[in-house]
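Contents: one structure, followed by commentary.
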Amino acid sequence: MSKRFVQETPDWFRYMDIYFRDGRNPITPRVVVFDGTLDRLFYYHSPNQPILPLMLMGMIKSAANRSESVATTLQELHRQMNEEGQTPFLTQMSIKQDAMIDGTALLDHHGRYVDTLSMPETVLLRVLQNKAGESVGFTLRLPSRLTGSPAETDWVSIATERIKVKIDAAYAGDRFKFAVRVRFSASVVEKLSSLDLDDHQREAELACAEELRDKFEALIAKLQRDKVDPVGFGIYARAYHYNRFKQVKENWGEAFGQSDVKVRVSVAFADEGSVK
């Protein structure tokens with residue numbers, strides 16, 4: 001679907017009725033938002049790529065496996081459009097010089113396009129959704145006061161081994177309150193500074209946790225500004241405070257935008273690599 005179509009066409013989802021009503025139609029194809037005119041996509045051809053359907057499936061699968069995008073099927077889109085506690089989200093792609101996955105398109109409860117999450121933002125989204133892949137990579141900056149190195153070498157790259165996410169919902173002061181706890185167990189895959197992790201492991205873990213917390217908070221602030229909830233905080237609100245949720249379920253995006261969300265992140269290095 002074109003981005004303009006889902007942005008400007010009211011109730012566009014009704015055009016999907018034929019795919020669900022006719023039992024001969026499969027409901028497993030991926031749904032993609034294309035940022036551009038569809039004729040450019042239909043006539044796109046790269047001499048180094050397979051035919052268009054195979055190329056698109058490969059791109060979507062590869063990005064989804066890295067948690068840098070999603071792979072929403074027709075069946076999943078139908079669930080999202082009817083889910084009161086979560087707003088829909090789809091793969092977004094475009095063609096610059098080559099076809100590329102841009103990240104994730106965010107839709108409101110009516111299916112209208114609202115905003116786009118970049119690939120790094122989508123990784124954070126998939127973590128909060130408990131849908132991240134087995135290993136997710138982050139490149140984070142350690143503070144210079146800790147590394148004692150030039151700013152350009154303050155970076156450390158980690159690959160997650162285990163991720164645990166817990167979301168608690170409460171209601172007070174006429175609004176929902178969510179407490180998010182994210183725990184990472186990760187391996188260090190690259191370290192440019194001369195920081196000795198044996199001596200300063202705890203400080204480095206805290207620095208990584210602080211930067212990741214800032215990234216999660218920035219993502220949630222963006223979602224609240226857009227009044228969309230692709231994470232599914234509304235599902236937790238409904239589970240723990242149904243009577244309160246029932247009062248705002250018709251406009252959950254607005255209610256989520258006024259909610260308080262607190263994020264805590266912890267990082268533990270399970271492995272520092274083979275080389276000191």
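By how many degrees, between 0 and 90 and to the nearest 10, does the Cα long axis of helix 119-128 differ from the longest principal axis of the chain?
90
With a Förster radius of 51 Å, plug the Cβ-Cβ distance of Arg175 and His45 into 1/(1 + (r/R0)^6) and report the FRET value to the nearest 0.05.
About 0.50, to the nearest 0.05.
Please give every one of the aspartates and glutamates within straight-line cross-link reach of Lys222, meaning a C-alpha to C-alpha distance under 18 Å, and leave out same-chain neighbours fewer than 8 residues apart.
The reachable aspartates and glutamates, counting only those whose Cα sits under 18 Å from Lys222, are Glu68, Asp102, Asp108, Asp115, Glu121, Glu211, Asp214, Glu254, Asp260.
Taking the C-alpha atoms of the stretch 179-261, how large are the radius of gyration and the largest Cα-Cα span, Dmax, in Å?
Computed over the Cα atoms of the stretch 179-261, radius of gyration and Dmax are 18.0, 56 Å.
Please compare each pair in Lys131/Lys227; Lys3/Lys249; Lys61/Lys249 to a cut-off of 24 Å on the Cα-Cα distance and tell me which ones are over it.
Lys3/Lys249; Lys61/Lys249
Kindly state, to the nearest 0.05, the FRET efficiency for Gln7 paired with Ala270, given R0 = 41 Å and r defined as their beta-carbon distance.
0.40
Take the chain, compute every pairwise Cα distance, and split them into 5 Å bins from 0; I just need the percent in each bin.
With 5 Å bins starting at 0, P(r) equals 1, 5, 11, 14, 15, 14, 13, 10, 8, 5, 2, 1, 0.
Can you tell me the FRET efficiency between Thr139 and Tyr19 if r is taken as the Cβ-Cβ distance and R0 is 45 Å, rounded to the nearest 0.05?
With a Förster radius of 45 Å, E is 0.65.
Take the alpha carbon atoms of the stretch 83-136, find their center, do the same for the stretch 25-69, and report the distance between the two centers in whole angstrom.
Cα centres, the stretch 83-136 to the stretch 25-69: 15 Å.
Calculate, in nm to one decimal, what Glu250 and Thr73 gain on full extension: separation in residues at 0.36 nm each, minus their alpha carbon distance.
Working it through step by step, the gained length comes to 61.3 nm.
Nearest 10 degrees is fine. How inclined is helix 52-65 to the longest principal axis of the chain, computing both from alpha carbons?
Once rounded, one gets 40 degrees.
Have a look at the DSSP beta bridges in the chain and tell me what percent are antiparallel, nearest 5.
That works out to approximately 70 percent antiparallel.
Using only alpha-carbon positions, what ratio does the radius of gyration of the stretch 1-117 give when scaled by 2.2 N^0.38 Å?
In units of the 2.2 N^0.38 Å rule of thumb, it is 1.05.
Give me the distance in nm between label points sitting 7 Å out from Cα along the Cα-to-Cβ direction at Met81 and Leu38, one decimal.
Placing both labels 7 Å beyond Cα along the Cβ direction yields 1.4 nm.
Express in whole angstrom the spacing between the alpha-carbon centres of the stretch 223-246 and the stretch 1-24.
Between the Cα centres of the stretch 223-246 and the stretch 1-24 lies a distance of 25 Å.
Quick note: the coordinates plus some simple rules give every number you see, no bench work behind them. Bear in mind that the values here come from a model prediction, so they are computed numbers and not experimental data. Cβ: placed from backbone, ideal geometry, glycine included. Neighbour counts: every protein chain shown.
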